[in-house]
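To start, the structure itself, in structure tokens.
The values are calculated or read from the model by the stated rules, or taken from the named source; none is laboratory data. For clarity, every value in this text was computed on a predicted model and none was experimentally measured. Ideal geometry is used to build each Cβ from the backbone, glycine not excepted, and the neighbour counts take in all protein chains shown. Areas reflect the complete protein model, heavy atoms only, side chains present, ligands, DNA and RNA absent. Shrake-Rupley method; radii C 1.70, N 1.55, O 1.52, S 1.80 Å.
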Amino acid sequence: MIIDFHTHTFPDKIAGSVISKLQQLSRSKPFTDATNDGLRRSMEKAGIDISILLPVMTNAGQVHKLNELAAHINEHWQETGLLSFGGMHPDAENYRQELTHATEIGLKGIKIHPAYQGADFDDIRFLRIIDKAAELGLIILTHAGWDIGIPGHNFCTTTQIQHVMQEIGPDKLVLAHMGGWWDWETVEKELVGLPLYFDTAFSVGDILPAPGTTRTPEESHNMNREQFTRLVRRLGTDHVLFATDCPWSDQSESLKFMRRCDFSEQELSGILGGNARKLLGI
């Protein structure tokens, strides 16, 4: 079973406008139309069994509605292959009730995005959310490192991650983008040995520019195979989750990249799905 642990879609009515805005911010090429059907076509082409949908809540008022939408999507996940997490916003005053409700409606985890939500990862508001989510047994997945569309401030640094682990120590914390996008040398120095999970989303290979935009040579590449393989081994192959950030990476090409890396069959099986199945409990 192959599981993509980090994907994004939007309702059909707004997917076009949202993806257009995001590609302008990131100057990056999308590989689907960002709809559920578009993602399912990509999964079928790549041979991916399950994709985890990660909603990003940009204001506190979206929390309840989007978590209910996630639960509705999950009613059919075994047929569609689409399994949605919920989310939380640092300004949600009723975060305890909403997190409890998330477990009651069967959500397996939440996504937070410090950069899009305008608060550092170790802000007290996130600490409270992470503490309660961990108490409830929820998986917590956060954007980690710089954000390609929001330059100027890193809202989730390795230092902040260490602080969260010291204060709370959640046992189901997943760091997107291999622990810190565009900061992988620091990840390798400071996060090795911590009981964390790392997803591979938008961390490897070329970054293709959106139509009408350009990227300098320095901006055009994520990790190559050598750096990526070394980092995975340092962090532990049993703590790495295959992920693409689709539509921002091509699922088929991302799988090809993984299979060209120097992993044993057992290690690759864990990265591509086995580790995720254990974490998700499926």
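Evaluated on region 140-219, the Kirkwood hydrodynamic radius is 13.6 Å, with distances taken between all distinct Cα atoms. Would you kindly state the longest site-free stretch of the chain, with sites defined as GluC sites (Glu not before Pro) in a DSSP loop (not H, G, I, E, B) surrounded by at most 16 other Cβ atoms within 10 Å? The longest uninterrupted stretch comes out as 94-282. Taking all Cα pairs closer than 8 Å and separated by 6 or more residues, the relative contact order of region 63-211 comes to 18 percent. Kirkwood radius and radius of gyration were both taken over the C-alpha atoms of region 194-282, and their ratio Rg/Rh is 1.00. Computed over protein heavy atoms with a 1.4 Å probe, the accessible surface of the chain works out to 45 Å² per residue.
Here the 3J(HN,Hα) profile of region 9-17, calculated from phi with Karplus coefficients 6.51, -1.76 and 1.60 at θ = phi - 60°, is 9, 9, x, 3, 5, 10, 4, x, 5 Hz, Gly and Pro shown as x.
So, with a 1.4 angstrom probe, what is the percent of accessible area on region 1-129 that is carbon and sulfur?
Numbers: 2900 of 5980 Å².
In region 1-129, the share of accessible area belonging to carbon and sulfur is 48 percent.
Computed over every Cα-Cα pair of region 176-242 and binned at 5 Å starting from 0, the pair-distance distribution P(r) comes out as 4, 17, 29, 23, 12, 8, 5, 2, 0 percent.
Summarised in one figure, the compactness ratio Rg/Rh of the chain, Cα atoms and Kirkwood Rh, is 0.93.
Across region 7-81, how large is the tail of the calculated P(r) beyond 18 Å, expressed as a percent of all Cα pairs?
Details: 1232 of 2775 pairs.
Percent of Cα pairs beyond 18 Å in region 7-81: 44.
Taking 72, 89, 101 and ordering them by how much accessible surface each has at a 1.4 Å probe, largest first, produces 72, 101, 89. Quick one: pull the percent of accessible area on region 147-250 belonging to carbon and sulfur, 1.4 Å probe, ligands and nucleic acids left out. Carbon and sulfur: 48 percent of the exposed surface of region 147-250.
When you have a sec, figure out the Kirkwood radius of region 125-282 from all distinct Cα pair distances and drop it here in Å to one decimal? Kirkwood hydrodynamic radius for region 125-282: 16.2 Å.
Mind running the shape call on region 29-119? Use the C-alpha gyration tensor, a ≥ b ≥ c as the square roots of the eigenvalues: rounded below 1.5 for a/c, prolate if a/b tops b/c, oblate otherwise. Oblate shape, in that a/c is at least 1.5 and b/c is the bigger or equal ratio.
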